[in-house]
Amino acid sequence: MCGRFNLITEGDAVAALFDLPQAPTLRPRYNIAPTQPVAVVRASVEGARELTTLRWGLPPSWPGAPAVLINARAETAADKPTFRDSFRKRRCLVPASGFSEWQKRPGGRKQPFLFRRPDGAPFAVAGLWDRDACALLTTAADAVVAPVHDRMPLILPKADFALWLDPGAQLADLRVLIRPGAEAGLLALAVGPWVNDARHEGPRCVQPAGEQGLFDLTAG
């Protein structure tokens, strides 16, 4: 599950990561929530990479489904009717600086955590798109995320970008990319409760909790 992420990186860093022809103008977003517009990188009709804006959340395709489908399990997306066509033909990369998850603590309290790279560099989350919307792919949590949640976004290294965005890629080759993102080198940062409300924005959403911020996830 990934219900919130942020993108607070300069456009130059995003352009360098995705080999875009020019640096995009990006407004810092500290608390991106479902149904909001998000920046995505995908292959254009000409085959080049382009950065565009889509809505986070694909429309459901069956009665009783959630209003929007913000995530898809990477392990089964290629086989599920809702995501199958997009997995095979319409894949994208979602630039992010970090994502949030909540850990249940004693007394029913939920502690928000921000997962990001130590240097604040952006990374790429694998996604699917259809028309004007997109969904993020999730996979089993790695050792950093697992104490907080059993799922995490599917983070792809730059070496895999070309294959993921290739519309002619073979399904068997794409399945190899579905693995926990241990190579992402993320750290877990305990943050304050301001991020809990999707209506909140600004640097306060990533402000460390207390003086330490870095949290011992092995503690009770």
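Here are the numbers:
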read-out: Residue list for the stretch 78-120, restricted to those being touching a helix residue (DSSP H, G or I) at 6+ places or on another chain (Cβ under 7 Å), among the hydrophobic types (A, V, I, L, M, F, W, C) and under 23 Å from residue 208 (Cα atoms); value: 114
read-out: Every residue from the stretch 138-148 that is out of contact with any Pro (no Cβ under 7 Å at 6 or more places or on another chain) and either surrounded by 20 or more Cβ atoms within 10 Å (Cβ to Cβ) or part of a strand (DSSP E or B) (or both); value: 145, 148
read-out: Evaluation of residue 72 against (1) aliphatic (A, V, I, L, M); (2) assigned to a loop (DSSP other than H, G, I, E, B); (3) within 15 Å of the chain's Cα centre (by Cα) (one fails), failing number; value: (2)
read-out: Qualifying residue in the stretch 114-129 (condition: free of Cβ contacts under 8 Å to residues at least 12 places away in the same chain and within 21 Å of residue 17 (Cα to Cα)); value: yes
read-out: Failed criterion for residue 53 (all others in (1) of a type in the set (Ser, Thr, Tyr); (2) more than 21 Å from residue 152 (Cα to Cα); (3) part of a strand (DSSP E or B); (4) touching a helix residue (DSSP H, G or I) at 6+ places or on another chain (Cβ under 9 Å) hold); value: (4)
read-out: Scan of the stretch 115-136 for residues that are out of contact with any Lys or Arg (no Cβ under 9 Å at 6 or more places or on another chain), in a strand (DSSP E or B) and either loosely packed, with under 15 Cβ neighbours inside 10 Å or of a type in the set (Phe, Trp, Tyr) (or both), ordered by number; value: 115
read-out: Answer residue from the stretch 166-183, given it is within 16 Å of the chain's Cα centre (by Cα) and aliphatic (A, V, I, L, M) and is farthest from residue 99 (Cα to Cα) among those; value: 177
read-out: From the options 157, 112, 180, 153, residue that is in contact with an Asp or Glu (Cβ under 8 Å, 6 or more places away or on another chain) and surrounded by 20 or more Cβ atoms within 10 Å (Cβ to Cβ); value: 112
read-out: Residue within the stretch 10-24 that is under 20 Å from residue 131 (Cβ atoms), part of a loop (DSSP other than H, G, I, E, B) and charged (D, E, K, R) present; value: no
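We did not get these values from a lab; they are worked out from the coordinates using the rules stated. Since we're looking at a predicted model, the values are computed, not measured. For neighbour counting, all protein chains shown are included, and Cβ atoms are generated from backbone atoms with ideal geometry for every residue, glycine included.
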